[in-house]
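The values are calculated or read from the model by the stated rules, or taken from the named source; none is laboratory data. Predicted model only: the values in this text are computed from it and were never measured. With ideal geometry, Cβ positions are generated from the backbone for all residues, glycine too; neighbour counts draw on all protein chains shown.
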Protein chains: 2
Amino acid sequence: MDIAFLNRARACYIERSGDLRTSTLAKAVPNKAKRNQKWQRDPEGMRLRILEAAKQEFATHGLAGARVDRIAVKAGANKRMLYYHVGNKDDLYLTVLEAAYEKIRAEERGLDLEHLDPPKAIARLIDFTWNYFLRNPEFLALLHTENLARARHLKRSTKVKSLHSPFVELIGAVVRRGVASGDFQVAVDPVQLYISIAALSFFYLSNSATLSVIFGRDLLAKRAKDERLDHMVRLVLAALTGKSFAVFDRQPVLEPLATATHIA
Amino acid sequence: MDIAFLNRARACYIERSGDLRTSTLAKAVPNKAKRNQKWQRDPEGMRLRILEAAKQEFATHGLAGARVDRIAVKAGANKRMLYYHVGNKDDLYLTVLEAAYEKIRAEERGLDLEHLDPPKAIARLIDFTWNYFLRNPEFLALLHTENLARARHLKRSTKVKSLHSPFVELIGAVVRRGVASGDFQVAVDPVQLYISIAALSFFYLSNSATLSVIFGRDLLAKRAKDERLDHMVRLVLAALTGKSFAVFDRQPVLEPLATATHIA
DNA sequence: ACAGTATTTATCCAACGAGTTAATTTCGCC
DNA sequence: GGCGAAATTAACTCGTTGGATAAATACTGT
């Protein structure tokens, strides 16, 4: 969901300053072309734009740093609309947070690890996590913001609590299979493993700014990112299988994963 | 540096409401006991209290969420003092950030890994990192805040950039020794390893609030923390040595580390 | 004991930011 | 073709907040 696109859409939907009506957009091309219209109704679209703008704003500035007016402008809306369609700043934030969790849970469900052999399944899991974080940097920021607030909002949210991640069970199953097949040495706690896998990607990406300064190199350069993914996969697989780090050369492990596997 | 203590110190230093002067405190017990004094000079103490209060405030509320007035109150000072002793809100923040980096670097230097055998050295490193983060939760929060700002302040700070962490070199040396002795299988990139070790602790602790909600259990309970440390050490050592996860039972690895090794 | 400076207090204020109120416009429906 | 509800805009309120100013008080050297 690209905010720039959404704004362009709105902007060109009704050419506010001129009379020109070039609305070639999908959905609601009005058949009666009234002139002099100042605005056009679009509740769902408005709500979407508002939430998208709010997500960006909360992600880049945190809860306290976010500005309601800025969200309105970014959404191409009037500030009153935020209150009309969603609620006050806190409601806005909670809605964004819930949507973020829903989104990642949905993508997680699309990943089937069941029929992969255990090492490949773990590798795919790491690859997915890494790429999801990479593609959704706001999610990282929102998570952190919520932790600053000691999960105050999350606790209130029945919605998020009902969204169980399928990963813990999946990892548990993969680990059991791995142990049975002899691929893995020990049955690690799936929660610990899940946290560790998330941690390896999360920390690198969410702290890439300060780490880049400290180490004096750009950790978000293509090369650096490739190396990181490689390192993480090797680290975890070496630990689980008891085989050497070196055994896991890139191609066989990383080849079948990649971005194509992700849901749109 | 305990803010409550500092405040108590100040509060009892001059008993403002009564005449009673029970100043048993170190440093500057005034020999001429003037009566009716309204306040006492203490520039260094004031500065310390301000910075400590600011650290707490920035850590719990982020940069934008921090309130200058609240810092003043917490420091037992007048707001004007912040500007007098440190500078505006941004200066305050940068000073706090720099102090935080200085502190961890100082403790890092106190850790000598050179004469430990490689696996023990790595275990101690993990233990140190874990416990440092546990003892200094504000550091985690500050790091995140700074990353939200895309390291804007850090880049400006010549001080922090000059504070090289000794860990990258140390880890490099340990890894080389380990490879030479046959303990380790492959010479991993020390930067990657450093980041991974920090990541495993950082993510767990800084996101413990949301993770606890998601998993429905208290990740900061004593038991859970012990398990986490155990898991991290096993994970990394198994990966490096190529031996099984199970080989590393708790006692031998964790015994010689513990809190006593840390600098005050 | 006195002058001059360092430190601290007591107010003030202009800008900002969240949230509201009321007026205006669109649109489905009869 | 017009009525009423839904959607949107414009303008305003009012507490908060970072920062500034000036006055008061403690300390230092002489």
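Quick notes
- Hey, A:Gly110 of a type in the set (Gly, Ala, Ser) and either without any contact (Cβ under 8 Å) to a residue 12 or more places away in the chain or on the phi > 0 side of the Ramachandran plot (or both) or not: no
- B:Trp39 fulfils the conditions (1) part of a loop (DSSP other than H, G, I, E, B); (2) free of Cβ contacts under 8 Å to residues at least 12 places away in the same chain; (3) not basic (Lys, Arg) except for a single criterion, (2).
- Qualifying positions in the range B:60-95 - more than 15 Å from B:Met46 (Cα to Cα) and touching a residue at least 40 places away in the same chain (Cβ under 8 Å): B:Thr60, B:Gly62, B:Leu63, B:Asp90, B:Tyr93, B:Leu94
- Residue among B:Glu114, B:Glu98 that alone is more than 14 Å from DNA strand D (Cβ to nearest atom), of a type outside the set (Val, Ile, Thr) and at pLDDT 95 or above: B:Glu98
- When A:Glu52, A:Glu44 are checked against the criterion of being out of contact with any Phe, Trp or Tyr (no Cβ under 9 Å at 6 or more places or on another chain), more than 9 Å from DNA strand D (Cβ to nearest atom) and more than 30 Å from A:Pro190 (Cα to Cα), a single residue qualifies: A:Glu52.
- Hits in the range A:135-167 (condition: closer than 12 Å to B:Phe215 by Cα and more than 9 Å from chain B (Cβ to nearest Cβ)): A:Ser162, A:Pro166, A:Phe167
- Filtered residue count, the range B:49-79, keeping only those that are outside any helix (DSSP H, G or I) and at pLDDT below 95: 4
- Flag if A:Tyr93 is within 16 Å of DNA strand C (Cβ to nearest atom) and aromatic (Phe, Trp, Tyr): yes
- Criterion violated by B:Tyr204 - all others in (1) at the interface with another protein chain (Cβ under 7 Å from one of its Cβ atoms); (2) modelled with pLDDT under 95 satisfied: (2)
- Options A:Ala121, A:Ala173, A:Ala151: the member that is assigned by TED's automatic domain parsing to the domain that holds A:Glu227 and at positive phi: A:Ala151
Residue by residue, here is whether (1) within 30 Å of A:Ala149 (Cβ to Cβ); (2) at pLDDT 95 or above holds:
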position	(1), (2)
B:Val160	yes, no
B:Val191	no, yes
B:Ile197	yes, yes
B:Leu220	yes, yes
B:Asp226	yes, yes
B:Met232	yes, yes
B:Thr241	no, no
B:Val247	no, no
B:Pro252	no, no
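- Each residue in the range A:71-107 was checked for being touching a His at 6+ places or on another chain (Cβ under 8 Å) and farther than 22 Å from A:Asn147 by Cα, and 1 of them qualify.
- Criterion violated by A:Ala180 - all others in (1) away from chain B (no Cβ under 12 Å); (2) under 20 Å from the mean Cα position of the chain (by Cα); (3) more than 30 Å from B:Pro166 (Cα to Cα) satisfied: (2)
- Considering only residues in the range A:52-103 that are more than 12 Å from chain B (Cβ to nearest Cβ) and among the aromatic types (Phe, Trp, Tyr), the one that is nearest to B:Phe58 (Cα to Cα) turns out to be A:Tyr93.
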